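The values are calculated or read from the model by the stated rules, or taken from the named source; none is laboratory data. In this text the structure is predicted, and so the values were computed from the model without any measurement. Cβ coordinates were reconstructed from backbone atoms using ideal geometry, including for glycine residues, and neighbour counts include every protein chain displayed.
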Amino acid sequence: MPGPLLPLFPLSVVLFPRTDLPLHIFEERYKEMVRDVLESNREFGVVLVLEKGIASVGCTARIHEVDKKYEDGRMDLSTVGFRRFEIQDLDEGRSYLRGRVEFFDDEGGGAPEEDLIRKAIRGYYAMRTLEKGRSLPEPVLNDPQLSFQLSQAVTDLNVRQMLLMSRSEAERIRRLAELFPVTAARERRIEHFRTIVPRNGHGKLLPGA
């Protein structure tokens, strides 16, 4: 028998299981959605907004705490990713979108190689040392799906969506171990060029810089 419809929250965000997502709720339809979720003590689905429509795979979120309620009904929420799902059908019978979904998890494929795990962890901490990575949280290294903790350092939404859809922890770890060194090196180059652009070839500031 089909389960209840899952409230869906389309965002320019890819949420991973067991990672934090602070939200500011201001649209009337999502105020209603949050009220319904709180009343029923349910989760809701976070799905990536695409150029046309929404992604078919998302991650549910549970409201950990309502941090602040404003007089006009807006809310600040602390939420945490819970489980992944694939949308089977959409329902537009409410002010907010809902979906008939199928939940899924990894399908085996073997454990990640230890050297790749170490490389991916080193890459994550390298990303944290960069200016743009200062807000990255301390990863929960004993998470059985460590890749989702480390994937918080990925900024490309398409890559994040690909990682969310993957059903292999070994595959996700391998991709992160390959991605982080390249990304960190690129960010360092960008930062280096940013510091030397205002200067001439002798290390002196250009006029007006």
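The condition of being out of contact with any Gly (no Cβ under 7 Å at 6 or more places or on another chain), hydroxyl-bearing (Ser, Thr, Tyr) and part of a strand (DSSP E or B) does not hold for SER95. Considering only region 14-24, I want to know if a residue exists there that is free of Cβ contacts under 8 Å to residues at least 40 places away in the same chain and either touching a Leu at 6+ places or on another chain (Cβ under 8 Å) or surrounded by fewer than 18 Cβ atoms within 10 Å (Cβ to Cβ) (or both). The answer is no; no qualifying residue exists.
In region 1-44, the qualifying residues are those that are polar (S, T, N, Q) and part of a loop (DSSP other than H, G, I, E, B), and the one that is nearest to GLU71 (Cα to Cα) is ASN41.
Filtered by the rule that a residue be hydrophobic (A, V, I, L, M, F, W, C) and either within 13 Å of GLN161 (Cβ to Cβ) or part of a loop (DSSP other than H, G, I, E, B) (or both), region 45-87 gives VAL46, VAL47, LEU48, VAL49, LEU50, ILE54, ALA55, VAL57, CYS59. Which of the residues that make up region 130-166 are at pLDDT below 95, out of contact with any Asp or Glu (no Cβ under 7 Å at 6 or more places or on another chain) and surrounded by 15 or more Cβ atoms within 10 Å (Cβ to Cβ)? Those that are at pLDDT below 95, out of contact with any Asp or Glu (no Cβ under 7 Å at 6 or more places or on another chain) and surrounded by 15 or more Cβ atoms within 10 Å (Cβ to Cβ): GLY133, LEU136. Using the structure shown, decide if VAL46 is of a type in the set (A, V, I, L, M), surrounded by 14 or more Cβ atoms within 10 Å (Cβ to Cβ) and touching a Cys at 6+ places or on another chain (Cβ under 7 Å). Taking the combined requirement at face value, the residue satisfies it. Of all residues in region 84-132, those satisfying the criterion of being among the β-branched types (Val, Ile, Thr) and within 22 Å of ARG18 (Cα to Cα) are ILE87, VAL101, ILE117, ILE121.
Can you tell me which residue in region 133-154 is farthest from PRO17 (Cα to Cα), limited to those that are among the polar types (S, T, N, Q) and free of Cβ contacts under 8 Å to residues at least 40 places away in the same chain? For region 133-154, the residue satisfying everything is SER135.
Applying the criterion of being touching a Gly at 6+ places or on another chain (Cβ under 6 Å) and of a type outside the set (A, V, I, L, M, F, W, C) to the residues of region 49-76, the residue that is surrounded by the fewest Cβ atoms within 10 Å (Cβ to Cβ) is THR60. Residues in region 103-115 that are within 19 Å of LEU164 (Cα to Cα) and surrounded by 13 or more Cβ atoms within 10 Å (Cβ to Cβ): PHE104, ASP106, PRO112.
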